[in-house]
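The values are calculated or read from the model by the stated rules, or taken from the named source; none is laboratory data. This structure is a prediction, so every number in the text was calculated from the model and none was measured. When we count neighbours, we look across all protein chains shown, and the Cβ atoms used for this are built from the backbone with ideal geometry, even at glycine. Each accessible area value is taken on the protein alone, full model and side chains, heavy atoms only, with ligands, DNA and RNA left out. Shrake-Rupley method; radii C 1.70, N 1.55, O 1.52, S 1.80 Å.
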Amino acid sequence: MANRTYDLLGQVQAAHQFDHDSLFRYASVHVPGFPSPAASTFTVKQFGHGQSNPTFLLEVGNGGSVKRYVLRKKPPGKLLQSAHAVDREYQVLRALGEHTEVPVPKVFCWCMDASVIGTDFYIMEFLEGRIFMDPKLPGLAPERREAIYRETAKVLAALHSVDMDAIGLGKYGRRDNYCKRQVERWTKQYIASTGDSRYPSNPKMLELARWLQQHIPSEDSSGEGIVHGDFRIDNIVFHPIEDRVIGILDWELSTLGNQMTDVAYSCLAYIVDINHENKQVGKGFELTRIPEGIPSQAEYLAEYCSASGKPWPAAVWKFYISLAMFRGAAILAGIYSRWLMGNASGGERAQNAGKQANDLVDSAWAYIARKSVLPNHPPPDPVARDYMKQFGGGNESGRFVPSLKVLKLRNKLIKFMEDHIYPMENEFYKLAQSSSRWTVHPEEESLKELAKKEGLWNLWIPFDSAERAKKLLFDESSRMVSNGEHDQFLGAGLSNLEYGYLCEIMGRSVWAPQVFNCGAPDTGNMEVLLRYGNKEQLLEWLVPLLQGKIRSGFAMTEPQVASSDATNIECSIKREGDSYIINGRKWWTSGAMDPRCKVLIVMGKTDFTAANHKQQSMILVDIQTPGVHIKRSLMVFGFDDAPHGHAEVVFDNVRVPARNILLGEGRGFEIAQGRLGPGRLHHCMRLIGASERGMQMMVQRALSRKAFGKLIAEHGSFRSDVARCRIELEKTRLLVFEAADQLDRLGNKKARGTIAMAKVAAPNMALMVLDTAMQVHGAAGVSSDTVLAHLWATSRTLRIADGPDEVHLGTIAKLELRRAKL
């Protein structure tokens, strides 16, 4: 089982005592929010884990509340040159904490005034979480062991992906010849540690140093990036209950250089068992038995290589593992040397370090002698392995089985939502309910850039539309670059069915779609441009929309007529020379309130005398054009959906260039019918996700709240309700998938009946599920304290905004009657 960080504490060792009052006075001045000494209690305890820089918990009590901090300092006494550089720890923690999403504790201050406590030190936040001292993870279920190791590999990959120059660490160390310098450094420190007659040098260690010098990989001559230097599972703090990392500790050995050394060091548990309580080093669990759930070393490496983009290291793996054991032996020798001098922070446990150092040297030579240490090629990555387990080895041919490509994207999307979207929802809502609600939260733009880097951008774009755009935009005469940038902006080449698996995940939060550039009405408008725009229109409006630099609105509905029948619209688009003059009033123009909205697609009539379905046209209107007046924001069940918004817009003699007409006069109905397919099916997909979130919240609430003497989950009425909800949700999901599949195979026209069914079924199902979830939550369900009310309001709106149920039912009935006549 894991140790809670608080459980690793003990009394301050005699060799590490310092002036608590002096520290208290210093911290109260230099640490923001640190209570003053006047009316506070102050206690200091020492962490027993770790053998290097002494680490302490500072507890400050003030009025019944307790604040906790961590202090890390140099050991007392004579130290080896360049060792215990706590100033470098502070530097790297501050840079990573302020400029990246790598999980590290926040640092508050750095002190090099020896008069305070006798040595340099820094103060950082205390992380309440779990530390796994035993890499075999005893006491955990197999699936959680696997999750812990996967997370460890991904966090290391995230650290290794940091741009050191961008965060101010470009001069944090030499980048080239890292392994060569490591061998030289640890050889010197080993010799210095073993100079005492009580602990003589081991000749095999010095011979190992010579072997390493002769086998340094050629890749070492060029630098890579940030190296932690001591990355292993017991230097990582995991969330108290979730299997995710909240902090990487012990940065004393961090620098710049060859990052594969970190990976190898994190793999040592597979090869050797270094337990500080034992007197000798044992065999690692890959040589004995891998605990159930823990991936093999090759699988762990494959996870890391997949996440970091690093090549498979089979050809050089002996060197990196041997270097890790060599360095470990040198560190253990230093610990034992300090124990002999009486200043090792690990106490009596350090007395075993000398024997363990020699055992590691023997283990390194045994490893070098092995014939093979890694397969020539990486095994299937964990997602592929799960896929093969779930779908019969990957040979399953069911219609609605997601491809491995989609499953990988789906897993990335779920993690993005958990790591970035859900934690920010309250912040987005706070801004949306403030006096500044018509501004964009700066974090939204940051998340959009992150989504691009993660390959989660514009996933909605159908591959056929993307192909048309490539032909128009990326020829030699185009002013847009084609160095691979277009591959990112034109999506992942998914079908409508494939996108359905992803769109559903985005639907779990009203804020998510726009972060991935997959939100309405932008997707529908981009789809119109992709399918029907000419090259000039695409360059002027589609490109910035694809890049997420601007947003858009769709102006069709009018307050004075029943706009569900598009033949009723009265907005006029009149040709005058090289321009069109637009006059009319529109409302429910979603997106027009957004400060980033730059273009509207307006539907109006260019010829009131033509046949009913040839009167309408669509035209592009720059929202800054004189005569475009945003009259007011409209409320949806009390939500104004700021900063996106729904606007009433007046077009008063708005003059736009004739070249802005889409496809030509009288083609508006044709465009609208094309737009009604993929773009509006997305709403159904998102409603599946909204319903799944409602189900999740409903069940969690029922399992945690009691009413009338038992949990809500134990009441028969709830069980019936939740079962019916699940049945309706699964039925609707299959119908939506069927509609998407027909859209891909048969086209919009032949799929229109199934699409209409999905548009009726999805919002009605979502309303049922969300209403039940709100009922289970009681008063909280209708409040703004949960997302349920907003999800419900959005779902109810789509029974009108996505075309009234009655229109879709009419379509279904006509097709049914037509089949009967046949």
Go through (1) modelled with pLDDT of 90 or more; (2) more than 30 Å from Ala192 (Cα to Cα); (3) not in a loop (DSSP other than H, G, I, E, B) for Gly61 and report which single condition fails. (1)
Complete set of residues in the range 432-455 that are of a type outside the set (Gly, Ala, Ser), open to solvent by less than 40 Å² (accessible area, probe 1.4 Å) and in a helix (DSSP H, G or I): Glu444, Leu447, Lys448, Leu450, Lys452
Kindly provide the set of residues from the range 91-116 that are under 17 Å from Val31 (Cβ atoms) and over 26 Å from the mean Cα position of the chain (by Cα), ordered by number. Phe108, Cys109, Trp110, Cys111, Met112, Asp113, Val116
Does Leu545 qualify as being crowded, with 20+ Cβ neighbours inside 10 Å and either assigned to a helix (DSSP H, G or I) or touching a helix residue (DSSP H, G or I) at 6+ places or on another chain (Cβ under 8 Å) (or both)? yes
Selection over the range 767-822 where residues are over 37 Å from the mean Cα position of the chain (by Cα) and either more than 30 Å from Thr557 (Cα to Cα) or open to solvent by 70 Å² or more (accessible area, probe 1.4 Å) (or both) yields a count of 10
Considering (1) hydrophobic (A, V, I, L, M, F, W, C); (2) more than 30 Å from Asp464 (Cβ to Cβ); (3) out of contact with any Ser or Thr (no Cβ under 9 Å at 6 or more places or on another chain), say which one Val722 fails and leave the rest. (3)
Need pairs with beta-carbon distance below 9 Å; first residue open to solvent by less than 10 Å² (accessible area, probe 1.4 Å) and within the range 651-663, second in a helix (DSSP H, G or I); sequence gap 6+ or separate chains. Leu662/Val528; Leu662/Leu529; Leu662/Tyr532; Leu662/Gln537; Leu662/Gly668; Leu662/Ile671
Look at Val155 and say whether it is of a type in the set (A, V, I, L, M, F, W, C) and either under 18 Å from Glu242 (Cα atoms) or at pLDDT below 90 (or both). yes
Would you tally the residues in the range 85-104 being in a loop (DSSP other than H, G, I, E, B) and buried (at least 20 other Cβ atoms within 10 Å of the Cβ)? 3
Can you pull out every residue in the range 524-537 that is assigned to a helix (DSSP H, G or I), polar (S, T, N, Q) and surrounded by fewer than 24 Cβ atoms within 10 Å (Cβ to Cβ)? Gln537
Going through the range 105-124 in order, the residues found to be open to solvent by less than 60 Å² (accessible area, probe 1.4 Å), touching a residue at least 12 places away in the same chain (Cβ under 8 Å) and outside any loop (DSSP other than H, G, I, E, B) are Val107, Phe108, Cys109, Cys111, Val116, Ile117, Phe121, Tyr122, Ile123, Met124
So Arg686, is it within 28 Å of the chain's Cα centre (by Cα) and buried (at least 24 other Cβ atoms within 10 Å of the Cβ): yes
Which of the residues spanning the range 582-620 are touching an Asp or Glu at 6+ places or on another chain (Cβ under 8 Å), in a loop (DSSP other than H, G, I, E, B) and either under 17 Å from Leu542 (Cβ atoms) or modelled with pLDDT under 95 (or both)? Gly591
The range 279-321, subset assigned to a helix (DSSP H, G or I) and among the hydroxyl-bearing types (Ser, Thr, Tyr), residue most open to solvent (accessible area, probe 1.4 Å): Ser306
How many residues, within the range 564-604, are over 15 Å from Phe554 (Cα atoms), touching a strand residue (DSSP E or B) at 6+ places or on another chain (Cβ under 6 Å) and basic (Lys, Arg)? 1
